[in-house]
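The values are calculated or read from the model by the stated rules, or taken from the named source; none is laboratory data. Model, not experiment: these values are computed from the prediction. All Cβ positions, even for glycine, are placed from backbone atoms using ideal geometry, and neighbour counts span all protein chains on display.
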Amino acid sequence: MKLKGDKFSIPNIFSYLRIVLIPVFVYYLAVKLWIYALLVFMIASFTDFLDGWLARILKQESEFGKFIDPIADKFLVISSLIAIIVLDPNFDFLDSWMIVIIVGRDVMITFMRIIAIKRGKSLRTSRFGKFKTAFQMLSIVIIIMIYMVRKSHILDAHALAPYWIMLAVTILTAMSGFRYLFSNWGLFFPEKKETQKNE
């Protein structure tokens, strides 16, 4: 699969930056430097807006950019959610089902996007999908802020607050996945080839 476009255009560099910042964010999360984790995650999230905006302003929109942008989003969000579940003592191994659903949805969408590209088509998206990504990122910010509040003892946040937020993220992600399936179900069937009648 070969996608057209400059792989090192300015917008795509910001997409790469989102991926590069993941281990930095996870490190700060692991050592419980919440403020640094929050700042790094917010910067990484901001690049999601920045790469698309720059692509339009600089007229550097490309097939490759449209592919790498959502991939970078998925890496950032999934890595962050996995880190939260692994590092938060209020989550246990059985709670991994949430990550399975979130990862499964994104793997399915990526697979569908690849099929669409091979067929020379575009995957049908919706505002709901963009809302889902924004909700995921906002939820991660809120969870980190809960950790900060607990550490400072400013407010006694409920121990299961991150769990309920993660549950809401999982449900919304699953709904988004079903929406993509409904809108793009035709990709799972062979293309109909036009038959020429013998004259």
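For this structure, a couple of remarks:
- The residue pairs whose first member lies in the range 133-153 and is touching a residue at least 40 places away in the same chain (Cβ under 8 Å) and more than 27 Å from ILE101 (Cβ to Cβ), whose second member is basic (Lys, Arg) and surrounded by fewer than 20 Cβ atoms within 10 Å (Cβ to Cβ), and whose beta carbons are closer than 9 Å, counting only pairs six or more residues apart or on different chains, are LYS151/LYS32.
- Among the candidates LYS151, LYS132, residue that is surrounded by 15 or more Cβ atoms within 10 Å (Cβ to Cβ), of a type outside the set (A, V, I, L, M, F, W, C), closer than 25 Å to LEU39 by Cβ and out of contact with any strand residue (DSSP E or B) (no Cβ under 9 Å at 6 or more places or on another chain): LYS132
- When PHE14, PHE8 are screened for being within 30 Å of ILE115 (Cα to Cα), modelled with pLDDT under 95 and in a helix (DSSP H, G or I), only PHE14 passes.
- When PHE46 is tested against the conditions (1) crowded, with 20+ Cβ neighbours inside 10 Å; (2) over 22 Å from THR170 (Cβ atoms); (3) without any contact (Cβ under 8 Å) to a residue 40 or more places away in the chain, the lone failure is (1).
- Some residue of the range 110-120 being at pLDDT 90 or above and either under 15 Å from LEU187 (Cβ atoms) or assigned to a helix (DSSP H, G or I) (or both): no
- Residues (more than 18 Å from the chain's Cα centre (by Cα), surrounded by 14 or more Cβ atoms within 10 Å (Cβ to Cβ) and closer than 23 Å to ILE146 by Cα) located in the range 5-32: TYR27, TYR28, LEU29
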